[in-house]
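To start, the structure itself, in structure tokens.
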Amino acid sequence: MLRLGIAVVLCCDVAWTGLVTLNVAFPSHGVKGRYDVIVSLAPGEFRLPTALELYDSGKVAENLAISCIADDAELGDELYPRLELQTNVCASNTDPHVHCFEPTEDSTLGEALSLRQLLVAYGWTRVLVVTDRPHAFRARYVFDRCLPRGPTVDVEVSPTHLTREEWGAEVVYENAAVIKAIFETVLKCG
């Protein structure tokens, strides 16, 4: 009986890891029409340039929301190295359709909770979230769980240039992060 239980647990673990890994490597994404707002998640190297390109085209959305993490935000022992563009765009912003916001916490969940407030304030119902390919699956999950019912959320991925080793690290990280996201969204998003 114990062997059967172990086998079932191992099979579930392999299935879970395979499903998450597949969705991390090949997330559902793409621009599907016109949106009320493009949301650039922080601090990815190519996220904001991709969001700016989509916004500047004039074809995707009338508004751009930029998640601005604090200049001294830390991830482990490292400072985020990609804050300069975000800081420059937000500090010199004169466009009333560009909305820079600091998330309630430096996390995908914090960004979703802050965007929820912006959706209510501006009445946005169609959202395009721009993030990195490895993060797209988890970002969609968190935003789907934390935004009010009704808005459409699509995800677009920015270019991702990772080595095989970096992809391996991302897959391991995202498998753990998805489990964390499930628990956090239940607790904080209702």
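Got a number for carbon plus sulfur as a percent of the chain's accessible area, 1.4 Å probe? Could the numbers behind the result be given before it?
Details: 6260 of 10640 Å².
Percent of accessible area from carbon and sulfur atoms in the chain: 59.
Need the full-extension length gain, THR125 to THR17, defined as separation in residues times 0.36 nm minus the C-alpha distance. One decimal, nm.
Values: separation 108, 0.36 × 108 = 38.88 nm, distance 3.27 nm.
Value of the extension gain: 35.6 nm.
In the chain, what percentage of the DSSP-assigned beta bridges are antiparallel, given to the nearest 5? Numbers along the way, then the final one.
Working: 2 of 22 bridges.
Bridges in the chain that DSSP calls antiparallel: roughly 10 percent.
Can you give the extra length, in nm with one decimal, that the chain gains between GLU166 and LEU187 once fully stretched, where that is 0.36 nm per residue apart less the Cα-Cα distance? Intermediate results must be reported in sequence, preceding the final value.
On the way: separation 21, 0.36 × 21 = 7.56 nm, distance 3.08 nm.
Gain on stretching GLU166 to LEU187: 4.5 nm.
Straight-line reach from LYS180: which lysines fall under 24 Å, measuring Cα to Cα and dropping same-chain residues less than 8 apart?
Answer for LYS180, where 24 Å is the Cα cut-off: LYS188, listed by chain and number.
For ALA176 paired with ASN88, estimate the spin-label separation in nm (one decimal), with each label point 7 Å from Cα along the Cα-to-Cβ line.
3.4
Using the Kyte-Doolittle scale, which helices in the chain average at least 0.5 and also have C-alpha atoms spread 27 Å or more along the helix axis, with helices defined as whole DSSP H runs?
Values: long enough: 2-25 (34 Å, 1.68); 164-189 (34 Å, 0.21).
The qualifying helices are 2-25.
As a test of reading the structure, rank TRP16, TRP124 by solvent-accessible area (1.4 Å probe, protein chains only), most first.
Values: TRP16 85, TRP124 15 Å².
These residues rank, largest area first, as TRP16, TRP124.
Per residue, how big is the convex hull around the C-alpha atoms of the chain? Give it to me in cubic angstrom, could you?
Numbers: hull volume 26.7 nm³, N = 190.
With only Cα atoms used, the chain gives 140 Å³ per residue.
Please tell me the relative contact order of the chain in percent, rounded to the nearest whole number, where contacts are Cα pairs under 8 Å and at least six residues apart. Working shown, then result.
Numbers: 281 pairs, mean separation 49.8, N = 190.
After rounding, I find 26 percent.
Suppose accessible area is computed on protein heavy atoms with a 1.4 Å probe; arrange CYS12, CYS189 from highest to lowest. Intermediate results must be reported in sequence, preceding the final value.
Values: CYS12 80, CYS189 20 Å².
Descending order: CYS12, CYS189.
Looking at the chain, which longest stretch skips every one of the trypsin sites (Lys or Arg not before Pro) that is in a DSSP loop with at most 10 other Cβ atoms within 10 Å, leaving the sites themselves out? Before the final figure, lay out each step's value.
Details: sites that count: LYS59, ARG149.
Within the chain, the longest run free of exposed trypsin sites (Lys or Arg not before Pro) spans 60-148.
The values are calculated or read from the model by the stated rules, or taken from the named source; none is laboratory data. Please read all numbers here as calculations on a predicted model, not as lab measurements. Every residue, glycine as well, gets a Cβ built from its backbone with ideal geometry; the counts of neighbours run over all protein chains shown. Please note that ligands, DNA and RNA were not included when accessible areas were found on the heavy atoms of the full protein model with its side chains. Shrake-Rupley method; radii C 1.70, N 1.55, O 1.52, S 1.80 Å.
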